[in-house]
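S.K.: First the structure, then my questions, so here it is.
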Protein chains: 2
Amino acid sequence: MEKILIAKKVLSENDRIAARLREALGATLAVNLISSPGSGKTSLLEKTLEMLPHGTRAAVLTGDLQTDNDARRLARYGYPVRQITTAGACHLDARMIENHWFSEPLDILFIENVGNLVCPTSYDLGEDAKIVVFSVTEGEDKPLKYPGIFRKAELMILNKLDLLPYVPFDRALAIENARRIHPGIEVIETSCNTGAGLGQWLAWLAGRAQNKRSAIQGEVEHALVAP
Amino acid sequence: MEKILIAKKVLSENDRIAARLREALGATLAVNLISSPGSGKTSLLEKTLEMLPHGTRAAVLTGDLQTDNDARRLARYGYPVRQITTAGACHLDARMIENHWFSEPLDILFIENVGNLVCPTSYDLGEDAKIVVFSVTEGEDKPLKYPGIFRKAELMILNKLDLLPYVPFDRALAIENARRIHPGIEVIETSCNTGAGLGQWLAWLAGRAQNKRSAIQGEVEHALVAP
């Protein structure tokens, strides 16, 4: 019981900081990428940074238990990147994000969570959308076994499509399983090796960023005309 | 601070139960398989059960957040199998093992942990050895990024060897990374599709089971002759 109360306290403290981050983001789109270790989040981000339209103000926060390998990989694309080393913790939390905050104005903030399909699910980082990355080598039953993240994610990226010929993986069943857990989940199928689906992913990001800017603009205009 | 104290209390309670389980195991070899989701633990166990020498008394406890898919897959091989559904928890703990205990005498107990490279690392389940399963699709940097489990595991199974031609994965570097974290870690490379390495894995199990029986027998004989 005591354990549950403490867990609730930790989460509500996290939620308070996340609300502050959401406010600080303003019109910046923030996406929180969650997956198993090795499903290809960093490669996807590398391709994404490479393909972002010229002039996009983007930045990356990347979380790992140890090493700054990912930050070094991602820093080559000319965008600001910060590594968050959790020193053993199995997820990012809102305070870690706040402690690594970018002060410059951004269009998109990418948050690459620790590789873990379970624990990051419960932590709001102030993001606009959680995105689950799931690779075809992991088996089509994963949405049923790890329903929490598939329920919370707006978008599932089904990655490593180029490995389909070599693994027993039923794509249609994987998507059906994800939609049994979360009927409205969007799905984009990608391969960072062939480039399949990356255009669709970039368009998704651009659409979400535009929607957020419009919504914030609407709020500002509403505030200006409100009595 | 309060959070840390509670975490310590939970772990020491876990350790007490794990000590009880270790006692109850007697001469039974218990192995705790830990990996990312989708690295092939269940397929490896299927092949293992298929190949166990006739007359081996084996059983499986398999953990998942949701579903009894794995237990159903594993039950086809004629050995007792119990599913532990953690209902959201990111690891097995000793109490879950105790609550699903097999009363029959066993030579080997396989414990398939929840797919997670972080949280299961801290929980002693009374096992003789933690084994980390790591597939070639996950990238050779995983031992550096998730050092905890590579430090604690006696054996690393490098799985899905048949996918090597299709992924950018440096086997030698992966093993070197694992040994930077844990110089004494044993390594067996396997493919459940081609059967590579499975004989070596079965021999490892047989050797460890034999060693444990001899050690326990030695203790019994020592106790009998002791004044």
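S.K.: Is there a residue in segment A:1-11 that is out of contact with any Pro (no Cβ under 7 Å at 6 or more places or on another chain) and away from chain B (no Cβ under 12 Å)? Walk me through it before giving the result.
M.R.: Quick first cut of segment A:1-11, residues out of contact with any Pro (no Cβ under 7 Å at 6 or more places or on another chain) only: A:1-11.
Among the residues that remain, those that are also away from chain B (no Cβ under 12 Å) are: none.
No, the conditions are met nowhere in segment A:1-11.
S.K.: Related question: Considering segment A:94-115 alone, what residues qualify as being within 24 Å of B:SER36 (Cβ to Cβ) and either in a strand (DSSP E or B) or within 13 Å of chain B (Cβ to nearest Cβ) (or both)?
M.R.: A:PHE110, A:ILE111, A:GLU112, A:ASN113, A:VAL114, A:GLY115, listed by residue number.
Yes/no per residue for (1) over 23 Å from A:GLU13 (Cα atoms); (2) surrounded by fewer than 18 Cβ atoms within 10 Å (Cβ to Cβ); (3) touching a helix residue (DSSP H, G or I) at 6+ places or on another chain (Cβ under 8 Å); (4) among the hydrophobic types (A, V, I, L, M, F, W, C):
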| residue | (1), (2), (3), (4) |
| --- | --- |
| A:ASN99 | no, yes, no, no |
| A:ASN113 | no, no, yes, no |
| A:THR121 | no, no, yes, no |
| A:GLY126 | no, no, yes, no |
| A:THR137 | yes, no, yes, no |
| A:LYS152 | no, no, yes, no |
| A:LEU163 | yes, no, yes, yes |
| A:GLU176 | yes, yes, no, no |
| A:ILE188 | yes, no, yes, yes |
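S.K.: Report, by residue number, each residue of segment B:36-87 that is within 14 Å of chain A (Cβ to nearest Cβ), surrounded by fewer than 20 Cβ atoms within 10 Å (Cβ to Cβ) and part of a loop (DSSP other than H, G, I, E, B).
M.R.: B:GLN66, B:THR67, B:ASP68, B:THR86, B:ALA87
S.K.: Output the number of residues of segment B:138-190 satisfying the condition of being under 20 Å from B:TRP201 (Cα atoms) and either among the aromatic types (Phe, Trp, Tyr) or in contact with a Leu (Cβ under 8 Å, 6 or more places away or on another chain) (or both).
M.R.: Here the count works out to 14.
S.K.: Based on what the data block shows, is B:PRO143 of a type outside the set (D, E, K, R) and buried (at least 18 other Cβ atoms within 10 Å of the Cβ)?
M.R.: For B:PRO143, the condition - of a type outside the set (D, E, K, R) and buried (at least 18 other Cβ atoms within 10 Å of the Cβ) - is met.
S.K.: Please specify each residue of segment B:116-136 satisfying the condition of being under 29 Å from B:ALA172 (Cβ atoms), touching a residue at least 60 places away in the same chain (Cβ under 8 Å) and not in a loop (DSSP other than H, G, I, E, B).
M.R.: B:PRO120, B:THR121, B:ALA129, B:LYS130, B:ILE131, B:VAL132, B:VAL133, B:PHE134, B:SER135
S.K.: How many residues does segment A:46-79 hold that are of a type in the set (Ser, Thr, Tyr), closer than 23 Å to B:GLU140 by Cα and at pLDDT 95 or above? Give the steps one after another, and end with the answer.
M.R.: Applying the first criterion (of a type in the set (Ser, Thr, Tyr)) to segment A:46-79 yields A:48, A:56, A:62, A:67, A:77, A:79.
Pick out the ones that are also closer than 23 Å to B:GLU140 by Cα and you get A:48, A:62, A:67, A:77.
Applying the additional criterion that residues be at pLDDT 95 or above yields A:48, A:62, A:77.
Qualifying residue count for the region: 3.
S.K.: Here's a check for you: in segment A:116-170, which residue that is more than 7 Å from every other protein chain (Cβ to nearest Cβ) and of a type in the set (Phe, Trp, Tyr) is farthest from A:ILE216 (Cα to Cα)?
M.R.: A:PHE169
S.K.: Take the residues in segment B:47-89 that are touching a helix residue (DSSP H, G or I) at 6+ places or on another chain (Cβ under 6 Å) and of a type in the set (Asp, Glu); name whichever of them is nearest to B:GLY115 (Cα to Cα).
M.R.: Top of the filtered list is B:ASP64.
S.K.: Still on this structure, I have one more. Can you pull out the residues in segment A:174-191 that are away from every other protein chain (no Cβ under 12 Å) and of a type outside the set (Asp, Glu)?
M.R.: Initially, segment A:174-191 is screened for residues away from every other protein chain (no Cβ under 12 Å), giving A:175-176, A:178-179, A:182-190.
Passing the criteria: A:ILE175, A:ALA178, A:ARG179, A:HIS182, A:PRO183, A:GLY184, A:ILE185, A:VAL187, A:ILE188, A:THR190.
S.K.: Still on this structure: Can B:LEU11 be described as modelled with pLDDT under 95, in a helix (DSSP H, G or I) and farther than 18 Å from B:ILE97 by Cβ?
M.R.: On the way: modelled with pLDDT under 95: yes; in a helix (DSSP H, G or I): yes; farther than 18 Å from B:ILE97 by Cβ: no.
Answer is no for this residue.
S.K.: Please name all residue pairs, on different chains or six or more residues apart, with Cβ atoms under 9 Å, provided the first residue is in segment A:77-104 and is closer than 16 Å to A:PRO120 by Cβ and the second residue is among the aromatic types (Phe, Trp, Tyr).
M.R.: Here the result reads A:HIS91/A:TYR123; A:LEU92/A:TYR123; A:ASP93/A:TYR123; A:ALA94/A:TYR123, each pair linking segment A:77-104 to a residue that is among the aromatic types (Phe, Trp, Tyr).
S.K.: Has segment B:17-25 got any residue that is closer than 15 Å to B:PRO120 by Cα and crowded, with 23+ Cβ neighbours inside 10 Å?
M.R.: Step one: list which residues in segment B:17-25 are closer than 15 Å to B:PRO120 by Cα, which gives B:18.
Next cut, crowded, with 23+ Cβ neighbours inside 10 Å only: none.
The answer is no; no qualifying residue exists.
The values are calculated or read from the model by the stated rules, or taken from the named source; none is laboratory data. Note that this is a predicted model, so its numbers are computed, not measured. When we count neighbours, we look across all protein chains shown, and the Cβ atoms used for this are built from the backbone with ideal geometry, even at glycine.
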